[in-house]
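What follows is a short report on a single structure.
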């Protein structure tokens, strides 16, 4: 029987229960789970986002999650290049990619090399984007109070 090596990539910035859920579900469907923690540069390139938590700290957090066997910095923009570097045979992703152009392309490219793509439910009530917005709003409020007092 082939050992299932899973790969779950994410920013894992402002770590929350949605991140934990993906890692937990992924581990339940593979023998060995590698978490790809997207580098600061790749986040800026692909999403135009600067993470709140630096890569070294995000790697430290994710590597200590019990479901994760190995945490690696994801530094390549192409998931196939990451696959060539690591050699996983199952790729886990949130279902917000399902049916999108990126998701369909990913499925096609991975199918050609024998990698299964498995989607998990996206945690709608918690997201890093929502947390980032809340932090931005709080920061703006604090700054306006400080300016008013000056």
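What follows is calculated from the coordinates using simple rules that are stated; it is not laboratory data. Owing to the predicted nature of the structure, the values given are computational and were not obtained by experimental measurement. Backbone-built Cβ (ideal geometry, glycine too); neighbour counts: all protein chains shown.
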- When only C-alpha pairs under 8 Å and at least 6 residues apart count, what is the relative contact order of the stretch 1-54, in percent? 45 percent
- What is the fewest-to-most order of 82, 50 by other Cβ atoms lying within 10 Å of their Cβ? 50, 82
- Item | Set of the stretch 21-41 residues, backbone N closer than 18 Å to the point 7 Å along the Cα-Cβ line of residue 67 | 21-38
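Taking the beta-carbon count within 10 Å as an exposure proxy, list 47, 93, 24 from fewest neighbours to most.
Working: 47 12, 93 23, 24 16.
Lowest to highest Cβ neighbour count: 47, 24, 93.
Using the Cα atoms as the points, what is the convex hull volume per residue of the stretch 5-124 in Å³?
Convex hull volume per residue, Cα atoms: 97 Å³.
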- Item | Rounded FRET efficiency, nearest 0.05, which uses the C-beta distance separating residue 80 from residue 24 and R0 of 22 Å | 0.25
